[in-house]
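Single-structure report; data block below.
Values in this text are rule-based calculations from the coordinates and carry no lab data. Quick caveat, the model's predicted, so the values are computed rather than measured. A quick note on method: Cβ atoms are made from the backbone with ideal geometry, for glycine too, and the neighbour counts reach across all protein chains shown.
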Amino acid sequence: MKTIERFGKPELPREVQNFVDEYREDLRALEEAYTGSRYLAGVYVEEDASEAVRVVENLFKLIEVIEDNVFS
């Protein structure tokens, strides 16, 4: 987050940290699903997939906010 701070936008690291705090367990589940899908046979339910999509959509929104603030 020190890299983001260099752009003179002190609110951006807070937004990233808030996202991580809010979605920590979901991010871990996504990482486990990614790793598991490569090396293990696993079964996932539709609810898990829907939640994963929601988290990733919110991550894309956060990335857009960062891009808009840093590159505009």
Counting each DSSP H run of 4 or more residues in the chain as -39500 (n - 2.57), what helix-only mean residue ellipticity at 222 nm follows after dividing by all residues, to the nearest 500 deg cm²/dmol? -28000 deg cm²/dmol
Just to confirm the number: angle between the C-alpha axis of helix 46-71 and the first principal axis of the chain, 0 to 90 degrees, nearest 10? 20 degrees
Here the gain from full extension of Phe60 to Leu27, 0.36 nm per residue of separation minus their alpha-carbon distance, amounts to 10.5 nm
Just name one of Pro13, Leu40, Leu62: the one whose Cα is farthest towards the positive end of the charge dipole of the chain (beta-carbon charges, Lys/Arg +1, Asp/Glu -1). Pro13
Angle between the chain longest axis and helix 11-39 axis [Cα atoms, degrees, rounded to 10]: 30 degrees
Can you give me the distance in nm between label points at Glu51 and Glu67, each placed 7 Å from the Cα along the Cα-to-Cβ direction? 2.8 nm
Base-10 log of normalised Debye intensity for segment 2-71 (one unit scatterer per alpha-carbon) at q = 0.11, 0.13, 0.26 Å⁻¹: -0.36, -0.48, -1.14
Mean-square fluctuation check for the chain, GNM, Cα pairs under 10 Å: which of Val43, Val20, Val53 is largest? Val43
